[in-house]
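**Q** Can you keep this structure in mind? I'll have questions shortly.
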Amino acid sequence: MSDRKFMLTDTMSRGLKALEPVEPGHLKFYSCGPTVYNLAHIGNFRTFITADLVVRTAEALGWKVSYVSNITDVGHLTQDDVADATGEDKMAAALRAKGQEFANVWDLARFYADAFIDDWRKLNLREPLVRPRATEHMREQIQAVDQLVKSGHAYATPSGVYFRLSSFPEHGKLSGNVDKEQLQVGVRDVVVDDNKEHPGDFALWKQDDKHLMQWFSPWGWGFPGWHIECSAMAMKYLGETLDLHAGGEDLVFPHHESEIAQSECLTGKTFSNHWIHTRFLVVDGEKMSKSKGNFYTVRDLVEDRGQDPIALRFALMATPYNKPLNFTMQSLSDAGKNVERFRECRRVAESTLDRPGSADISQELDRIYGEALDAMCDDLNTSVALARALEGTGVIFRDQSRLGGESSKIALEYLDRIEELLGICPSSQVEERSFEAELELDMILRSELKAAKKFDEADAIRLKWLDQGVELRDTPEGTIWKLVQS
Ligand code: AMP
Ligand code: ZN
């Protein structure tokens, strides 16, 4: 295990602080995931890339990482920037807007969650240990609400169950929103439940027997508040105290502030020892957001415009997470050139493996990798880390005529280590594996379709691969594939 310190800005203490897992060398990390009512946009992915870089840096230090990132598929209301959120469930609103596209809200949730995971993989993000869904953790949420009511931190009204802000004097410690009167501001012109003790008391459970996704609880049919979801799921998988909790900057208040209030009242312990928040990705100075409509999805760029997803990843991390990032097509094009440089470097190293060489690059590449890791440990300073990583390719290109054997291997190991740390130069083997994995899956799917007598759909898979130069042939031993001779 490295003895480097991993310094990260901590939103709670408002300064740089060493990330120190309670269990040394084992990071317990929760990062808020998306609300799956639409395709995630690249601003959302900027925040998820920050979490990914934390995981990669911790792993590079030799730590074990328990990384949990959820999917919110119920309970996130449209007016969510106020103490007690109001409006319609984003899932229900999306279903209304998308009319005929989905049979029901469950299908809509599943579709966007799958699309999200697909985009996640395209951007080369590390898989979390668990990706819990709010709708699959209702028992844990109801139990948490029940416990808060029983301990006097929450109360029921005819419209739901609310957290009693006055029972937690530390409320506001993360965001600085400490003035309880100010918490009313967000209520705006929305009708509130007069039975609430304070307008800022936020919903843990909403009673609603008309809601499209509803569960039975001690307070009748209804659905959970957005904040209790994350508290319940984080504690279920990571325990009562997390080492680190992450999200985008808009989650500081009210989402994370409320998570702290609920969780700390439930356990009497600190909910998370460290908090980080990614600054927004902006377009013409404005936050990229689904509600403003000024967004690109990964699909817009990768599928519709043929952009390289690794270049997109590079562009999204080129500015450190603690500064706003202005996304432009130019930045994507610049990132593409850099990513191509890594690829070319890998080709050079691979093509020289079998010849004798005399280049002595080991120490120089070790030093450069060490500097890239130092930069990541310095509050995820990705602009320096990427510059160092590119410097390493410069060393390899400089000595390419003398590369061979051991030195080519050292060059490849360098690229692999940079890939592990930054995720911007996956090896060709990875690409080959994923091609075969996709093919294998399609072959399974095709035989299932044939068994179900869905011959047209089965044939569409065969034709799709034929288009890409791969022939699927049925033999008595099963289906095999062959590259078509051109
Ligand atoms: P949502 O799907 O709205 O729940 O958001 C998922 C994550 O993306 C949250 O951590 C948000 O804070 C984050 N996020 C939303 N918009 C942006 C943006 N423009 N730039 C960076 N992160 C964002
Ligand atoms: Zn959350």
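The values are calculated or read from the model by the stated rules, or taken from the named source; none is laboratory data. This structure is a prediction, so every number in the text was calculated from the model and none was measured. Cβ: placed from backbone, ideal geometry, glycine included. Neighbour counts: every protein chain shown.
**Q** Given the conditions (1) assigned to a helix (DSSP H, G or I); (2) free of Cβ contacts under 8 Å to residues at least 12 places away in the same chain, report the number of the one that Gly306 does not fulfil.
**A** It is condition (1) that Gly306 fails.
Yes/no matrix, rows are residues, columns are (1) closer than 22 Å to Asp119 by Cα; (2) in contact with a Gly (Cβ under 6 Å, 6 or more places away or on another chain); (3) surrounded by 19 or more Cβ atoms within 10 Å (Cβ to Cβ); (4) free of Cβ contacts under 8 Å to residues at least 60 places away in the same chain:
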site: Leu325; (1), (2), (3), (4): yes, no, yes, no
site: Thr328; (1), (2), (3), (4): yes, no, no, yes
site: Arg341; (1), (2), (3), (4): no, no, no, yes
site: Ser362; (1), (2), (3), (4): no, no, no, yes
site: Met376; (1), (2), (3), (4): no, no, yes, no
site: Glu406; (1), (2), (3), (4): no, no, no, yes
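**Q** Next up: For the range 93-110, how many residues are at pLDDT below 85 and either on the phi > 0 side of the Ramachandran plot or in contact with a helix residue (DSSP H, G or I) (Cβ under 9 Å, 6 or more places away or on another chain) (or both)?
**A** Initially, the range 93-110 is screened for residues at pLDDT below 85, giving 99-100.
Now restrict to residues that are either on the phi > 0 side of the Ramachandran plot or in contact with a helix residue (DSSP H, G or I) (Cβ under 9 Å, 6 or more places away or on another chain) (or both): 99.
Residues meeting the conditions: 1.
**Q** Enumerate the pairs (first residue in the range 46-74 and under 23 Å from Ala113 (Cβ atoms) and within 16 Å of ligand 2 (Cβ to nearest atom); second residue anywhere and aliphatic (A, V, I, L, M) and part of a strand (DSSP E or B)) with beta-carbon separation below 6 Å, excluding pairs fewer than 6 apart on the same chain, so at least 6 apart or on different chains.
**A** Taking only residues 6 or more apart or on different chains, the pairs are Ala51/Ala246; Val68/Val130.
**Q** In the range 197-218, what count of residues is obtained for those that are surrounded by fewer than 17 Cβ atoms within 10 Å (Cβ to Cβ) and of a type in the set (Lys, Arg)?
**A** Residues that pass the stated criteria total 1.
**Q** Consider the range 50-59. How many of its residues are buried (at least 24 other Cβ atoms within 10 Å of the Cβ) and under 14 Å from Thr319 (Cβ atoms)?
**A** Residues flagged as buried (at least 24 other Cβ atoms within 10 Å of the Cβ) and under 14 Å from Thr319 (Cβ atoms) within the range 50-59 amount to 1.
**Q** Same structure again: Could you check Thr267 against (1) of a type in the set (Val, Ile, Thr); (2) farther than 17 Å from Glu140 by Cβ; (3) surrounded by fewer than 18 Cβ atoms within 10 Å (Cβ to Cβ) and say which number it fails?
**A** Unmet for Thr267, out of (1) of a type in the set (Val, Ile, Thr); (2) farther than 17 Å from Glu140 by Cβ; (3) surrounded by fewer than 18 Cβ atoms within 10 Å (Cβ to Cβ): (2).
**Q** In the range 230-247, is there at least one residue being without any contact (Cβ under 8 Å) to a residue 60 or more places away in the chain, touching a strand residue (DSSP E or B) at 6+ places or on another chain (Cβ under 8 Å) and closer than 23 Å to Gln79 by Cβ?
**A** no
**Q** Return the residue satisfying two criteria in turn: it lies in the range 1-49 and is of a type in the set (Gly, Ala, Ser) and within 16 Å of ligand 1 (Cβ to nearest atom), and of such residues it is nearest to Arg313 (Cα to Cα).
**A** Applying the first criterion (of a type in the set (Gly, Ala, Ser)) to the range 1-49 yields 2, 13, 15, 18, 25, 31, 33, 40, 43.
Now restrict to residues that are within 16 Å of ligand 1 (Cβ to nearest atom): 31, 33, 40, 43.
Details: Ser31: 18, Gly33: 17, Ala40: 14, Gly43: 11 Å.
Per the stated criteria, the residue is Gly43.
**Q** Follow-up. State which residue is nearest to Leu16 (Cα to Cα) when the search covers only the range 244-302 and only residues that are under 19 Å from the mean Cα position of the chain (by Cα), more than 16 Å from ligand 2 (Cβ to nearest atom) and assigned to a loop (DSSP other than H, G, I, E, B).
**A** Filtering first and then ranking leaves Arg279.
**Q** Being of a type in the set (A, V, I, L, M, F, W, C) and either in contact with a Phe, Trp or Tyr (Cβ under 9 Å, 6 or more places away or on another chain) or more than 10 Å from ligand 2 (Cβ to nearest atom) (or both) is the filter here; which residues of the range 223-243 pass it?
**A** Scanning the range 223-243 gives Phe223, Ile228, Cys230, Ala232, Met233, Ala234, Met235, Leu238, Leu242.
**Q** Just checking, does the range 248-260 include any residue being under 30 Å from Leu390 (Cβ atoms) and assigned by TED's automatic domain parsing to the domain that holds Ser167?
**A** First pass over the range 248-260, keeping only residues under 30 Å from Leu390 (Cβ atoms): 248-249.
Narrowing the set further to residues that are assigned by TED's automatic domain parsing to the domain that holds Ser167 leaves 248-249.
Yes, there is a match, as at least one residue in the range 248-260 is under 30 Å from Leu390 (Cβ atoms) and assigned by TED's automatic domain parsing to the domain that holds Ser167.
**Q** Step by step: first the residues of the range 41-95, then only those that are part of a helix (DSSP H, G or I) and in contact with a Gly (Cβ under 7 Å, 6 or more places away or on another chain), then the one that is farthest from Pro21 (Cα to Cα). Which residue is that? Walk me through it before giving the result.
**A** Step one: of the range 41-95, the residues part of a helix (DSSP H, G or I) are 42-60, 90-95.
Those left that are additionally in contact with a Gly (Cβ under 7 Å, 6 or more places away or on another chain): 47, 52, 56.
Values: Thr47: 22, Asp52: 17, Arg56: 15 Å.
Among those that are part of a helix (DSSP H, G or I) and in contact with a Gly (Cβ under 7 Å, 6 or more places away or on another chain), it is Thr47.
**Q** Next question, about the same structure. Looking at Leu332, Leu390, can you tell me which residue is surrounded by 19 or more Cβ atoms within 10 Å (Cβ to Cβ) and assigned to a helix (DSSP H, G or I)?
**A** Step by step, each of Leu332, Leu390 is checked, and only Leu332 is surrounded by 19 or more Cβ atoms within 10 Å (Cβ to Cβ) and assigned to a helix (DSSP H, G or I).
**Q** So, one more: Condition first: part of a loop (DSSP other than H, G, I, E, B) and in contact with a helix residue (DSSP H, G or I) (Cβ under 7 Å, 6 or more places away or on another chain). Now tell me which residues in the range 111-128 satisfy that. Walk me through it before giving the result.
**A** Of all residues in the range 111-128, those part of a loop (DSSP other than H, G, I, E, B) come to 123-128.
Residues satisfying the conditions are Leu123, Asn124, Leu125, Arg126.
**Q** I've got another one for you. Filtering the range 205-239 down to residues that are in a loop (DSSP other than H, G, I, E, B) and in contact with a Leu (Cβ under 8 Å, 6 or more places away or on another chain), which residue is nearest to Lys150 (Cα to Cα)?
**A** Pass one, the range 205-239, residues in a loop (DSSP other than H, G, I, E, B): 208-214, 218-219, 225, 239.
Then keep just the ones that are in contact with a Leu (Cβ under 8 Å, 6 or more places away or on another chain); that gives 212, 225.
Details: Leu212: 28, Gly225: 18 Å.
Here the answer is Gly225.
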